[in-house]
Each structure stands twice: as structure tokens, then as C-alpha cells.
Amino acid sequence: MAHTDVLDLPLVLLSNRGPVSFDRDATGRTVNRGAGGLVSALAGLAEHLDDAVWVCGAATAEDAAVAEEAAGQALLVQTHPMPHLVDPRFGDAVVDGPSIKVRVVVTDPVAYADFYSVWSNPILWFVQHGLYGRSMAPSFTRAEREAFENGYAAVNRAYADAVADEVRGRGGKALVLLQDYHFYLVAEHVRRQCPDVVLSHFVHIPWPGPDEWRVLPADIRERLLTGLLGSDVVGFHTRRYARNFVLCASELLGLPIDLDALTITVGDRTVRARYYPISVDPAALDATLASEQVTAHVSMLRYIFGLDDDRQLMLRVDRTDPSKNVVRGFQAFGVLLEQHPELVGKVSFLALLQPSRTDVPEYADYIALIGAVVADLNAKYTKDGRQPIDLRMVEDFPLAVAAFSICDVLVVNAIADGMNLVAKEVAVVNRRGGVLALSETAGAHEELGEFAVTLHPFDIQQMADAFYAALTMPLEERHRRLAAAAQQVRANDVARWLADQLADLRRVAGF
Ligand code: G6P
């Protein structure tokens, strides 16, 4: 990768989900590569550097077992072609492909539950996606405060200690890239322990304005902001989020800011807010699309949904997260069928939904709501044995890519979404003139809105009208818009997301 030559410092990465995860089957321990744009982009960087380590949490019981055996040491994991641990302690020391050093941190399970299932999801996730509003805001009692101290803050300290340990092991000088809302307190701790680091924190979800943050107790929101301001650069997907962050520093902490330059003065340091829209790896997507597995799925889907006749396919692919607004999306589809009965039996809606964070009550309840609205619409609009909605609770990337390539309309009607990579994936692999129907509040709308039909996430009638406009758009117009969207995504791919950040960091820190 060309961008690695800008990196003369060792690299320490931190994210909750790591680049690999371990499991166990009848053959013994297995190693799986992590999915998603963030992991593949950063893994690509880490694999190409001489000295990089990735600190992450344990996602499975086997991850925790590996971490315990490693006793606080980083492990070398080969990522391609066959992922496996490269470590004499585990019986295999041959490296014949790219590899990454991984340090898995395990914390007390009760503390982790307070960190993950009380504070990260739902509280921070809900505040940042505007899911509470005022009247639905949580109450903060001693229990929530204790969950913050003993959970979020304690777990952040444990990860910060692991990061600082890795930095010290590299002579105290390293580039530290922290990821997302799980770790807002880490930068400050790391800086205190290792004053010579260059620290960047990328926030992958929306950053709302100061008023939304006022839902949180004053002392807690101040600690979160102060923690993040331990960074040199705080990165976001859009200018709007970066601006909101700078406004928060001014209004909630009283710090001097420059709103045009997007800078905040913290003592004798300048913290920069920056925006870099994350993207996809088009070459990897092209290769997946060409694979036998995807080709087989494409034939099957074309047949099931009658796409070689004059039928059409609407699609959504999401985690079952209340921010994705799945229920209102289906309600709008119901209004479409009610107001355009000629579409009943002609348009199907395939929803590939991945059950997510089911230990959080708000998420578990949401799955039940989705099931109810789908059952209701399928009972009402099934025609000639053809159900209008095909709901599949699966996480199956090849199936998703197959569906991306042949859908007529992609629905992204999120209440808020940091970016939404599904929209970019569809732009790259769709071969049917698929129309992007994008929420005006998804980060992807800033780049792709001009080629899409815009959805207002709360306006059911507007969404139904937009679906109708997409389904009836002349084919030539559909292909023109899709080609323009694909060009935009291919020119601003994930390598560029990373290269721009590293170039800025080099300017800031002079390494
Ligand atoms: C979002 C966050 C990521 C997170 C992912 C899955 O995309 O921005 O940081 O890894 O959701 O989260 P989960 O904890 O449900 O696996």
C-alpha cells in the first residue's frame, strides 16, 4: 500500500472488535478474520508495517481463553491465506503470509457488561443517534453512575493501560489510532502515561450538537469530552459531526475554539477535529462479486423473486438496531402497496437483518417489533403465494453482495447513521441500475445524496412516495445515477480514507 511510506512510527491500534476472532470446533481452535470496512482498512495497514500491534476486546469465549494463555503479551496472527496463530506456544511458528500482532484484553465480566451493555450501547449509542429525544431520556441514579465508574471508566483504563504498555515497549513513541465510542476516556490516560505519543481518535458514529449531549449528567459528559481531547486529532465522517464536536468543547467545557479551522485549544495544545468519510474497498468487492458462491446466490435470488419477469426487488441489509429504523421502513412499504395495489405481487422486499446486541433490552424488543410489522404486512398483501416481505435473520456477506448486485432499490432509512457502507457497497456492485433510497440523516447522503432518492426517516408518506419514484424511474436515468454514484465511491475508497488521515497526522505531528 502506497500510504505506508508516510508512517515512520510504530503503530498501536485500539478497537472493541479486533481484526480476528477465535472459536472452537471439532478440529480445535479456529481463527476468523473480522468483517467490515473498518477492520479490513486498518488490517491492510497493520499487515504492511514492520511494527504494529492491534489492541482489542474478546468477542468470544475462545478469544478470552487465548488472551489468558497469552498472559498480557501480543500474539502474532497470520491473516492470509489461511488465518492462524503463529506462535510456538500454540504449536505453529511458520509465517508464509501477511500477519498482525494482536493483544486481546479481557476485563472483569461484570465491568464489561456495564461498559458494553449499559454505557456504550445503549446510552452513548442512543444519545449520538438521537434515539432518546428528551422525554425518553434515561434517568441517572446511583446505579448508572456506578456502571459508569466501575464499567465504562474502569474498562477504558484497562485498555488504556494495555495501549500504554505497547507504546512503552516501543520506546514511548508511537502513532496511536483509537476507534469509536467505546473508548472516549482512553486518549487522556495514554497521553498522561506516554507524553510523546501521537494520538488520533476516530468516531465512527454521528456526533450531535451540545444540546443533545445535555441529556447526560454534566460531570460525565465533561469527562467524556475531556478524555477525547487527550487526542491530537479527533476524526469524524462528516464536517457536520466535526463542527458539532468543536461546538461541544466550547459550550460544554468553555474551551477556546476556532469554528472555521475546527480547532480547540486545550492548555498549550491544539486539538484538531477533522473529517474523513469512510468507504469500501472496490477491488475486494469486485472479487467477491465474481466468486462462485455469489454467482450461485445471484441465480437463486433472481429465480425466487422472479427478476427475469417484470418483477422488482427492494432490499435492506442492516443490524437489528433501532437507529436503522426498520419498522418505519416496512410501514412505508405497506403504505406503498396500499396506495399502489398494482404493485402487490410485483415488488418484493428482501430484508437481510443481523440480530445485534440482543443482551440490551431495547435491541431485543426491537426484533419483536420488526417481526410483528412483517407478519402483519405479509398477512395482508400475499398474492398468488408470493409474500411481499422476505425477512431473513442472517449475517451472510456473499448472500448480501449477491442481493446488492441485483436489487432495484436499496433502502437506507436510518434515523441517524455515521456513514452507512451498505449504500457504498451497492453503488459499486449493483448491475441492474439499482436506485439508492437514502435517509437525509445518514452520513452517506452527503456524498451520494445527489444520485439517490432522499428519504425522511420519520415521514412514512414521503418514504412511500420516494419508493414509488424509485420503482418507476426510467431505466436509463437509474443507470446514469448509479454510474455516477459508483464513480464517486471508487474515487474515494477506503485506502483514501486512511491515507488522508495519515497525511494529516504527519503534518500535525511532524513524523
Ligand atoms: C458500529 C460501530 C462499530 C462496531 C459495530 C458492531 O458499526 O461503529 O464500532 O464494531 O457497530 O458493533 P457490535 O458491538 O454490535 O458488534
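Brief remarks on what is shown
- Residues of the range 299-324 satisfying the condition of being touching a helix residue (DSSP H, G or I) at 6+ places or on another chain (Cβ under 9 Å), farther than 24 Å from Gly371 by Cα and either touching a residue at least 12 places away in the same chain (Cβ under 8 Å) or among the aliphatic types (A, V, I, L, M) (or both): Met300, Arg302, Leu307
- The residues on offer are Pro109, Pro138, Pro98, and the sole one that is touching a strand residue (DSSP E or B) at 6+ places or on another chain (Cβ under 8 Å) and surrounded by fewer than 17 Cβ atoms within 10 Å (Cβ to Cβ) is Pro98.
- Selected residue [over 29 Å from Ala43 (Cβ atoms) and aliphatic (A, V, I, L, M)] from Ala470, Ala442: Ala470
- Subset of the range 319-346 that is open to solvent by 10 Å² or more (accessible area, probe 1.4 Å) and either of a type in the set (D, E, K, R) or at pLDDT below 95 (or both) - its residue that is farthest from the ligand (Cβ to nearest atom): Glu342
- Of all residues in the range 359-370, those that are in a helix (DSSP H, G or I) and either without any contact (Cβ under 8 Å) to a residue 12 or more places away in the chain or hydrophobic (A, V, I, L, M, F, W, C) (or both) total 7.
- Restricting attention to the range 380-399, the residues that are assigned to a helix (DSSP H, G or I), over 21 Å from the mean Cα position of the chain (by Cα) and either closer than 18 Å to Phe305 by Cα or within 16 Å of the ligand (Cβ to nearest atom) (or both) total 1.
- When restricted to residues that are outside any loop (DSSP other than H, G, I, E, B), of a type outside the set (Val, Ile, Thr) and either open to solvent by 20 Å² or more (accessible area, probe 1.4 Å) or over 26 Å from Pro277 (Cα atoms) (or both), the range 208-251 contains 14.
- Residues (touching a Ser or Thr at 6+ places or on another chain (Cβ under 9 Å) and farther than 15 Å from Val77 by Cβ) located in the range 49-62: Gly57
- Selection of first residues in the range 458-486 that are touching a residue at least 60 places away in the same chain (Cβ under 8 Å) and of second residues that are open to solvent by 60 Å² or more (accessible area, probe 1.4 Å) and of a type in the set (Asp, Glu), restricted to Cβ pairs under 8 Å at least 6 apart or on distinct chains, gives an empty result.
- Unique match (being within 16 Å of the chain's Cα centre (by Cα) and closer than 25 Å to Leu289 by Cβ) among Leu448, Leu410, Leu438, Leu421: Leu421
- Exclusive hit being touching a Lys or Arg at 6+ places or on another chain (Cβ under 9 Å), open to solvent by 50 Å² or more (accessible area, probe 1.4 Å) and at pLDDT 95 or above, set Asp161, Asp165: Asp165
- Filtered by the rule that a residue be under 24 Å from the mean Cα position of the chain (by Cα), of a type in the set (A, V, I, L, M, F, W, C) and away from the ligand (no atom under 16 Å from the Cβ), the range 199-223 gives Leu199, Trp213, Val215, Leu216.
- Residues that are open to solvent by 20 Å² or more (accessible area, probe 1.4 Å) and more than 13 Å from the ligand (Cβ to nearest atom) within the range 114-128 comprise Asp114, Val118, listed in sequence order.
The values are calculated or read from the model by the stated rules, or taken from the named source; none is laboratory data. All values reported here derive from a predicted model rather than from experimental measurement. Here Cβ is always computed from backbone atoms with ideal geometry, including for glycine, and neighbour counts include all displayed protein chains. Surface areas here come from the heavy atoms of the whole protein model, side chains and all, with no ligands, DNA or RNA. Shrake-Rupley method; radii C 1.70, N 1.55, O 1.52, S 1.80 Å.
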